[in-house]
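The values are calculated or read from the model by the stated rules, or taken from the named source; none is laboratory data. Bear in mind that the values here come from a model prediction, so they are computed numbers and not experimental data. Cβ placement follows ideal geometry from the backbone for every residue including glycine, while neighbour counts extend to all protein chains displayed.
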Amino acid sequence: MGLRHFQVAKPLFIALETDRIMDHKVKIRCPACKQVFRERANKVRDGVQLNCPNCCKLLTLHRDTDDPYLRRALKLAKEIRKAAQEQIVEKLYGPIR
Ligand SMILES: [Zn+2]
């Protein structure tokens, strides 16, 4: 694969790679039914609403929630997204040192 080909393919590569890494899931504990389910890190963000697959309750994810399980899920998802971005940059431009 020549350099020119790589240049053209780069946006697609980034999209695929982001999708692959973002496929990591974080555990979320529903505050209503206490059941744990898994959601893609890409979806677990501050202010996002999700339906619990067990009891169908609409959950709103807030960074400043009183629920330590939701706070932990948001923090973990953020770390996964950050790690994903670093991995992509490293793949494209080599190790950052
Ligand atoms: Zn539930």
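For the stretch 44-64, a residue qualifies if it is more than 9 Å from the ligand (Cβ to nearest atom) and touching a residue at least 12 places away in the same chain (Cβ under 8 Å), and the qualifying residues are Val44, Arg45, Asp46, Gly47, Val48, Gln49, Leu50, Thr60, Leu61, His62, Arg63. Contact map, the stretch 3-18: first residue at pLDDT below 70, second residue hydrophobic (A, V, I, L, M, F, W, C), Cβ cut-off under 9 Å, separation 6 or more or different chains; pairs are Phe6/Phe13.
Scanning the stretch 13-32 for residues that are surrounded by 13 or more Cβ atoms within 10 Å (Cβ to Cβ) and either within 11 Å of the chain's Cα centre (by Cα) or over 19 Å from Arg63 (Cα atoms) (or both) yields Phe13, Ile14, Glu17, Thr18, Ile21, Met22, His24, Lys25, Val26.
Strands (runs of 3 or more DSSP E) fully within the stretch 2-96 that include at least 3 residues being in contact with a helix residue (DSSP H, G or I) (Cβ under 7 Å, 6 or more places away or on another chain): 25-29.
It is to be established whether one or more residues within the stretch 47-57 are modelled with pLDDT of 95 or more, among the β-branched types (Val, Ile, Thr) and surrounded by 13 or more Cβ atoms within 10 Å (Cβ to Cβ). For the stretch 47-57, residues modelled with pLDDT of 95 or more, among the β-branched types (Val, Ile, Thr) and surrounded by 13 or more Cβ atoms within 10 Å (Cβ to Cβ): present.
Among the residues of the stretch 65-94, what is the count of those that are within 16 Å of the ligand (Cβ to nearest atom) and charged (D, E, K, R)? Within the stretch 65-94, residues that are within 16 Å of the ligand (Cβ to nearest atom) and charged (D, E, K, R) number 1.
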